[in-house]
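Just below is one structure, and these are the notes that go with it.
The values are calculated or read from the model by the stated rules, or taken from the named source; none is laboratory data. On a predicted model such as this, the values are computed, not experimentally measured, just so you know. Backbone-built Cβ (ideal geometry, glycine too); neighbour counts: all protein chains shown.
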Protein chains: 4
Amino acid sequence: MTSVGIFGASGYAGLELLWLLQQRSDIEIRFATSDRFAGRACADLHPGLLGCFVSHNIGLDTPCDVVFLATPPDASKGLVAALPSARIIDLSNAHRFDDKSIYGLLPCFTSEQRHAQLIANPGCYATAAILALAPLASLIEPSVIIDAASGTTGAGRRASEDYSLSELHDDLFAYKVLNHAHTPEIANALHALSGQHFEVTFTPKLLPIRRGILATAYARLKNGDARKAFKEYYADQAFIRLEEKAEQVRLRRVVGTNDVLLHIAVDDATGRVVVQSALDNLLKGAAGQAMENMNLAFGLPRTTGLQGLKVQS
Amino acid sequence: MTSVGIFGASGYAGLELLWLLQQRSDIEIRFATSDRFAGRACADLHPGLLGCFVSHNIGLDTPCDVVFLATPPDASKGLVAALPSARIIDLSNAHRFDDKSIYGLLPCFTSEQRHAQLIANPGCYATAAILALAPLASLIEPSVIIDAASGTTGAGRRASEDYSLSELHDDLFAYKVLNHAHTPEIANALHALSGQHFEVTFTPKLLPIRRGILATAYARLKNGDARKAFKEYYADQAFIRLEEKAEQVRLRRVVGTNDVLLHIAVDDATGRVVVQSALDNLLKGAAGQAMENMNLAFGLPRTTGLQGLKVQS
Amino acid sequence: MTSVGIFGASGYAGLELLWLLQQRSDIEIRFATSDRFAGRACADLHPGLLGCFVSHNIGLDTPCDVVFLATPPDASKGLVAALPSARIIDLSNAHRFDDKSIYGLLPCFTSEQRHAQLIANPGCYATAAILALAPLASLIEPSVIIDAASGTTGAGRRASEDYSLSELHDDLFAYKVLNHAHTPEIANALHALSGQHFEVTFTPKLLPIRRGILATAYARLKNGDARKAFKEYYADQAFIRLEEKAEQVRLRRVVGTNDVLLHIAVDDATGRVVVQSALDNLLKGAAGQAMENMNLAFGLPRTTGLQGLKVQS
Amino acid sequence: MTSVGIFGASGYAGLELLWLLQQRSDIEIRFATSDRFAGRACADLHPGLLGCFVSHNIGLDTPCDVVFLATPPDASKGLVAALPSARIIDLSNAHRFDDKSIYGLLPCFTSEQRHAQLIANPGCYATAAILALAPLASLIEPSVIIDAASGTTGAGRRASEDYSLSELHDDLFAYKVLNHAHTPEIANALHALSGQHFEVTFTPKLLPIRRGILATAYARLKNGDARKAFKEYYADQAFIRLEEKAEQVRLRRVVGTNDVLLHIAVDDATGRVVVQSALDNLLKGAAGQAMENMNLAFGLPRTTGLQGLKVQS
C-alpha cells in the first residue's frame, strides 16, 4: 500500500488526480488539501469522490510515501522547501528543467523516476508538443512551430468575467503569443533529446470547450525517414497511438483517457513535416501523467490505474 | 431628433441598446454611463460602437428627452428618485406593476406610453411567458406552468467561477425553483389582461449558450377556441410570428432579431394547451422592447430601428 | 462466466453497452452486430473497444446466455420472433408494457428480472420522468406535466442535415409536442405504480450537446408529505441521489455515470410539486440500465460493472 | 437600380448573400435559385427573407446586370459557359487564378473589377491567410505556414453523420493536411503580390461552432519593418482593423460583420513573424466580399450595404 497526499486537490487537475487515486485499492490517500474548500466534502466539487478537503497545514503535518503538488508554481516552490524529506511529484512549472528535479515526460524520459526525490510533471501543452516532435528531434532543423488549442480547464478555476461562458462561448483566440511559459520547456526537452538547440515558436489558443488539446507541430526534415522514426520510437509504448489519417487525431477520441493520438504528414518534395497531437489536458497533460510518474517511482507498471478510462463519447 | 441617455450601458442589455440607438439617425445619444468602464471606448466591449463610456455623475448632469436605465433594481430606484422630471424607461424589475409606472409589454400593453413618464420595461422571461399566454388569459383555468431556458447573457456580466465556461459548458440546470422574481410579474400581467388571479409556477433553466429564451407554457382551456384566439390576438402584430410546427419555434430563428416565435398545440380531448415561445433575451427581452417603448413614447412607429436585424444564422 | 451478444452495437447506446460489457471479466461477449459496420474494428467507432462488428446473421447463429437488442423497434420485434428461446433485453420501445415482457425500470420494477425471458428496457426520457414521479404516484392528482431536454445522442446516429452541427448548434426547440412515443410508457408506469390512470403531458426538447437529460415534472399533491415520500422511496437505492438544491441536479454531474440526481420542491400553499431529474441518456437512460437488468436477471448485485464510472468533469 | 441573380442561393453563403442584397434599396433581385428548395419560401431557411427559391432554368432564362454563383465548382464552370454574356461573380474556386477571371481579394486586388466580366471571389481560408501576409509578401522568406480553424458552415450544408452535432460537438481536428484546395490560391496570391514563389504549408481545422475563421500565419522576415509595413498597407482600408493585442483578434468580435481583425507579433531576435487573422467565413470570407466586388464592378463605394452589420455578441 502506497500512501499519498495531494496539495491543491480542488483545482481541475487536482480533482482529476484525486479521482484516479481513489479508484485504486493499492493507494491510501492520507490527505487532499484545498485552501478554499477545506472542510467541505470532495463530492461537492466532483460527484463520486469520497472524503473531505483539509487545510494546507494538515497536509504539511501528515507524512506519506509521495506528495503531489497540484498547486501554482509559487506554492509548489514553498512546499518543496517545506518538505525536504518528502518524495514529490510537482504538476506546476516551478521545477521543470532545474537541477533539483527530473523531468517526467513519458515515455521520452523514463529512466530516473525510480530513485528521484522530485519529479517535475510536464506541462499540458508541452506534453502535446514534445510527443509530436521527440522521434524527429535529431532529424529536423532546429526551428519548429507549434500551434496548439486547449479547452478552458487548462487555465484552471477562474472567477473572472473574461472566462465566463458569456465571453468565451463560440470564440477562439491566441494568447501569450511569443511569450508562453511552456516555450522554454519545449525547447529544453528537444535539446535534451537531440543535443540540438531549438528555436521554438509556440502559439496557444483558447477553445470554447472544457477539455482537450490539439497541437500541430511544423518542422523541416534534414535527413532520415520521419514516418519510420515515428513508428520505431513509439513502438509498443503505452498510451501512444499513431493514426493513419490526420482526421482521426481529434479531441473526442482522447478526452477522458490518458491516450495521446499522433499523425505525421511529410511533404517529400520539401521536407516539410506536419504532426498532429491530441490529448486530454487533465489526464495525459496533468493528473494521468503524474500517476504514470508515481507508478514508475514505485516500480509499478506505468499503466497501473490508467487503463479502462472511457472516452467521453 | 430625440436625445437619449443610457445608465448602465456596459452590461449586455445596455450594450445592445447602445448599438441599436447608434444605428439611428434620428437619435442623439447624449451619454452612456458605466461605473466600471467610464473613460474607455465603447468599442472595447463591442466592436463598431462609437464614443466612450462616461461616469454616473455625468449622466445625472446631462438632460435629455428620455433616459434608459439598464442598471440593477436598486440603482434604478435611486435614479428614478434622482431624476424626478426625466422621462425614463427602466429595464430593471424595480418598478414593474407599481403605481408610478406603466408596464411596457408589447403588443399587450400599448395604450399609455405616449404620455408615460416612467415605463417599466418587462423582464426577459416574463416577456416570453406572457406573450405565450396573453391571447388565452380569459379562456384558461387560472393555473399555469412555465418552463423556460435562457442563455447566460440573461444573468448579466459575472466575474464568478460559477458562470465560467469550465463550469457551465455542456450543462443544464434549473434555478430559483418556485422562487424567481419574474413569477409575480407574469401573474400580474395575466391578471391585468383577464381579471383572473393566476397561480403561476415558473421554472427557469440556464442554457450553455449566450443568447435566447425558449419558454413552454402549459395551461388548461376552460372554453373557446385557443388557436383562433391566438390568430386574432396577434393578427398583424409586428415582431410576432405564429408557426405551424413547434419545431420552428427555435432559438436560432430569433437570436439577433426582435422577433417572437410562437406555436400553440391543443389536446382537444383534455383541453391541455402547450405553447412554445422563443425570443432573444437581449432584444425583445430587453433592449429591443425598450426601443419599442421609446418609439411609442415619442409617437413613432413601434418598429422604428428594429427591422432588418439579422438572425445569427 | 455469462455469455452475451449485442444486436445493433454500432449505435450510440450499443457502443456504450459494448464498452461497459468489455470492462467486465465475468462476461464473455460472443458477438456485436452492425449492419453498417460489419467487418470493421469496433475501435474505429469508439477508441479502446476490442474486436470487430459482425453481421446480423452471425448474431442469429450464435447462442448465448442473454441477448441485448440495441436495434430500432421493428428490428427488435423481428429478433424476438426469430430467437424464441433466448433471454433478451430489448432497449427499443417495441415491447414495453406488452404482455410478453417485464418492464425493467429500476429501482421501481425489480421483482421479476430473475426469471424473465424478455425484459423491456425503459426509454431514456421515460426513465427520467418516472423516477421523478414514482414516489409520489399515489399522492398526486393523476395529471402531470413533464418538460425534458435531451442531448442529441438520444436521437441516434443521423445522416441528416437537420442534425448537423451547423443546424443544431446554439439552438433549442421542442419536438413531437403532445405526440412523443414515451408518453404512454410514462402513463403506464405511473398507473402500474399507483393504480391511478394518469393524463401525461410530455414535451421533449433537443439540446445542442451530446449527452444528458434534464426532466422537470410538475404535479399537484392530493395528500401526504411529498419530501418524506421521496426520501423513503429512494432510501439506500443504488444510483439515486436526492439533492438539497435544484441547482445541483445538473447534467455535468451525471453525464458519464449511471446516476440519477433528483430534487423535489413543494409549494405548501398550493400543493404544487416540481421535481428535477437528471441522468445520462446513454447510461441510466439506455446501456447502464440494461446492464442493471442483466445483473438482476443473473442474480448479481444490480451495481455490478456500473460503479466507478467517471463524470465528464 | 442594379439587377442581380443568385445561383445556389440556399447554401449558407448564398443565403447570407441573399439577405445582404435584400437589405439594399438600390438592388433588384431577379432570381435566387435552389435545386433542392425551388418553390419554397426563402424564409423557411432564414427568417426574414422575402420571396421564393426558383429553379436553375428560371435563372438561366432571366437576364440581369450581374449573376452571383454560390454553387459548387463544377456547377460554376457550367454556368460560366452557359452565360457567355453575363457579368459573373463566382464564389466557388472554379476560376481563381485562371486566365478568364480577375481575382477579387479586397483590398489587395482592387483595380480591375470595374470592367471585369468574371470575378473570382476568394476562398474563406485564403482570404484570412492572404490578408495576414499581403503587407509582408516582399519582406519575408518565401516559405510560410498557415494554421487556421473554421466553423462548420464553411463546409456547406451536409447531410452526413460525420457532420452531425453528435459527432462534431466538443471536437477539433485537422483535415486535408498538405492537401487543401486553398493552398495554391494562397501561393498564387502571394506570388502576384511580391513576385516571389512561395512554399505554402496550410493546415485547416474544423471548429465545433458555426461561423468564423481564425488563421495564424508564420513567416520569417528577410528585411524591413514588419509592423510599419502592416500599418501602411492597411491604412484607412475599410473592414480591416489592426489590433494591439493578439487576444483581441477573436471570432466573437468579427462573426456577423464583414470585418477582418489582424495582429502582428515579431520576434526581433529571430525575425519570426506571427500574424493572427480573424473573419466571418460567410461574410468577408464569402458573401460580404462578393458584395464588395459587386460594388466595385458597378462603381459604388466598396462598403455599400456592408456597414452597420452587428457582431453576434
Of (1) crowded, with 21+ Cβ neighbours inside 10 Å; (2) aromatic (F, W, Y); (3) more than 27 Å from B:E232 (Cβ to Cβ), B:F202 fails just (3)
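Yes/no matrix, rows are residues, columns are (1) of a type outside the set (V, I, T); (2) more than 11 Å from every other protein chain (Cβ to nearest Cβ); (3) out of contact with any Pro (no Cβ under 6 Å at 6 or more places or on another chain); (4) surrounded by fewer than 17 Cβ atoms within 10 Å (Cβ to Cβ):
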position	(1), (2), (3), (4)
D:Q23	yes, no, yes, yes
D:D26	yes, yes, yes, yes
D:T33	no, yes, yes, no
D:R36	yes, no, yes, yes
D:C42	yes, yes, yes, no
D:C52	yes, yes, yes, yes
By residue number, the members of the stretch D:208-225 that are assigned to a loop (DSSP other than H, G, I, E, B), out of contact with any Ser or Thr (no Cβ under 6 Å at 6 or more places or on another chain) and crowded, with 17+ Cβ neighbours inside 10 Å are D:P208, D:I209, D:G212
Of the listed residues (A:G288, A:G308, A:G299), the one being out of contact with any His (no Cβ under 9 Å at 6 or more places or on another chain) and at pLDDT below 95 is A:G308
Scanning the stretch A:212-250 for residues that are within 14 Å of chain D (Cβ to nearest Cβ), among the aliphatic types (A, V, I, L, M) and more than 12 Å from A:H263 (Cα to Cα) gives A:I213, A:A219, A:L221
Margin query: Quick check on the stretch C:296-311. Is at least one of its residues out of contact with any Cys (no Cβ under 8 Å at 6 or more places or on another chain), part of a helix (DSSP H, G or I) and away from chain B (no Cβ under 14 Å)?
Written below: yes
### Task
Evaluate the following for B:L118: is it free of Cβ contacts under 8 Å to residues at least 40 places away in the same chain, farther than 24 Å from B:H169 by Cα and surrounded by fewer than 24 Cβ atoms within 10 Å (Cβ to Cβ)?
yes
Exercise. Out of all the residues in the stretch A:263-278, is one or more under 17 Å from the mean Cα position of the chain (by Cα), modelled with pLDDT of 95 or more, in a loop (DSSP other than H, G, I, E, B) and polar (S, T, N, Q)?
Worked result: no
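Residues are listed down the side, and each one gets a yes or a no for (1) within 26 Å of C:I146 (Cβ to Cβ); (2) assigned to a loop (DSSP other than H, G, I, E, B); (3) of a type in the set (D, E, K, R):
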residue	(1), (2), (3)
B:P204	yes, no, no
B:R227	yes, no, yes
B:Q237	no, yes, no
B:E247	yes, no, yes
Scanning the stretch D:244-255 for residues that are more than 14 Å from D:A128 (Cβ to Cβ) and either of a type in the set (S, T, Y) or touching a Ser or Thr at 6+ places or on another chain (Cβ under 8 Å) (or both) gives D:R252
Within the stretch A:129-160, residues part of a strand (DSSP E or B) and either closer than 22 Å to A:L283 by Cα or away from every other protein chain (no Cβ under 12 Å) (or both) come out as A:I140, A:I146, A:D147, A:A148, A:A149, A:S150
Of the candidates B:R220, B:R210, B:R252, the one satisfying the condition of being more than 29 Å from B:L20 (Cα to Cα) and either in contact with a Cys (Cβ under 8 Å, 6 or more places away or on another chain) or of a type in the set (D, E, K, R) (or both) is B:R220
* Might you let me know whether the stretch A:254-266 holds any residue that is over 30 Å from C:R24 (Cα atoms), of a type in the set (V, I, T) and touching a residue at least 12 places away in the same chain (Cβ under 8 Å)? => yes
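Could you please let me know if A:T127 is within 14 Å of A:S277 (Cβ to Cβ), touching a Lys or Arg at 6+ places or on another chain (Cβ under 7 Å) and among the polar types (S, T, N, Q)?
Values: within 14 Å of A:S277 (Cβ to Cβ): yes; touching a Lys or Arg at 6+ places or on another chain (Cβ under 7 Å): yes; among the polar types (S, T, N, Q): yes.
Yes.
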Note on C:P204: of the conditions (1) facing another protein chain (nearest Cβ under 8 Å); (2) in contact (Cβ under 8 Å) with a residue 12 or more places away in the chain; (3) within 17 Å of B:V249 (Cα to Cα), unmet is (1)
Only unsatisfied item for A:L168, checking (1) surrounded by 23 or more Cβ atoms within 10 Å (Cβ to Cβ); (2) under 22 Å from A:D268 (Cα atoms); (3) within 14 Å of chain D (Cβ to nearest Cβ), is (2)
Condition met for C:G123 (touching a Pro at 6+ places or on another chain (Cβ under 7 Å), in contact (Cβ under 8 Å) with a residue 40 or more places away in the chain, under 20 Å from C:E292 (Cα atoms) and not hydrophobic (A, V, I, L, M, F, W, C)): no
Do the conditions hold for D:I140, that is, is it in contact (Cβ under 8 Å) with a residue 12 or more places away in the chain, touching a Phe, Trp or Tyr at 6+ places or on another chain (Cβ under 7 Å) and buried (at least 19 other Cβ atoms within 10 Å of the Cβ)? no
Residues in the stretch C:177-189 that are surrounded by fewer than 23 Cβ atoms within 10 Å (Cβ to Cβ) and either among the hydrophobic types (A, V, I, L, M, F, W, C) or facing chain B (nearest Cβ under 8 Å) (or both) total 3
Only one of (1) within 13 Å of another protein chain (Cβ to nearest Cβ); (2) in a loop (DSSP other than H, G, I, E, B) does not apply to D:Q196, and that is (1)
Answer yes or no as to whether B:A134 is modelled with pLDDT of 95 or more, within 11 Å of the chain's Cα centre (by Cα) and at negative phi. no
Turns out the helices (runs of 4 or more DSSP H) fully within the stretch C:1-88 with at least 1 residues that are within 27 Å of A:L261 (Cβ to Cβ) and touching a residue at least 12 places away in the same chain (Cβ under 8 Å) are C:12-22
Flagged in the stretch A:251-262 as assigned to a loop (DSSP other than H, G, I, E, B) and away from chain D (no Cβ under 14 Å), in numbering order, are A:T257, A:N258, A:D259
